[in-house]
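As structure tokens, the structure follows; a few thoughts come after it.
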Amino acid sequence: MIRCFTGLTAAPTNLDSLYQALAPARDRLPQLRWLGPDALHLTLRFFGNLDEPQVNRARAALSSLEGQKPITLTFDRWKFLPFPAKARVLVLVPESSPAIEELVAMKTTYDQALGRFGPTGPVEVPPGDTPEGFLPHLTIARFNPKNRPDTRDLQDLPLPFSLTLDRVILYQSLEGLRYLPLGKVDLGK
């Protein structure tokens, strides 16, 4: 089984700029495990463990996104997920904008395409992972829930950040906050 997800990401120079902009947060909260610039992404669809035919269907479904435009989001708030009392992840959440509607439409297109590939039907959709329950976010750090930072530690840190997401990648999740690309579509080409 291969642990997979599909995420949107940006050009390496843009990710490096965002990473540098997060330096004050990393300095203030060194106990967190911060994702490097090459691991920053906005999850479009989390799959969990897939077998090889399911991975192939998820990779093939990326073609449904060819010709879509890049999406620029402005991330304007910090959030702990899944919810504050049991949080394990620090994320940036984008402000409400028409770009969010474009993102949800892109997710819907991808989800629908998953059902058109392979002999065994669509990849199962985990509960709550639907466009209606989709919370766009950029994961920036992970931590042990016992050592969760206080949100007050983040209040005066610089926001917002804008980022143009111009590629969609099917990733394999590896140990240690590392991701291996298994397939890719460049948006706007």
Could you tell me how many of the residues in segment 63-92 are in contact with a strand residue (DSSP E or B) (Cβ under 6 Å, 6 or more places away or on another chain), surrounded by fewer than 20 Cβ atoms within 10 Å (Cβ to Cβ) and assigned to a helix (DSSP H, G or I)?
0
So, in segment 156-176, how many residues would count as being of a type in the set (A, V, I, L, M, F, W, C) and in contact with a Lys or Arg (Cβ under 6 Å, 6 or more places away or on another chain)?
2
For segment 26-48, indicate whether the set of residues that are crowded, with 18+ Cβ neighbours inside 10 Å, in a helix (DSSP H, G or I) and of a type in the set (A, V, I, L, M, F, W, C) is non-empty.
yes
Tell me yes or no: at least one residue of segment 85-99 is on the phi > 0 side of the Ramachandran plot and in contact (Cβ under 8 Å) with a residue 40 or more places away in the chain.
no
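Read-outs: derived from the displayed coordinates by stated rules, not from any lab. In this text, all values refer to a predicted model and were calculated from it rather than measured experimentally. No Cβ is skipped: glycine too gets one built from the backbone with ideal geometry, and neighbour counts run over all protein chains shown.
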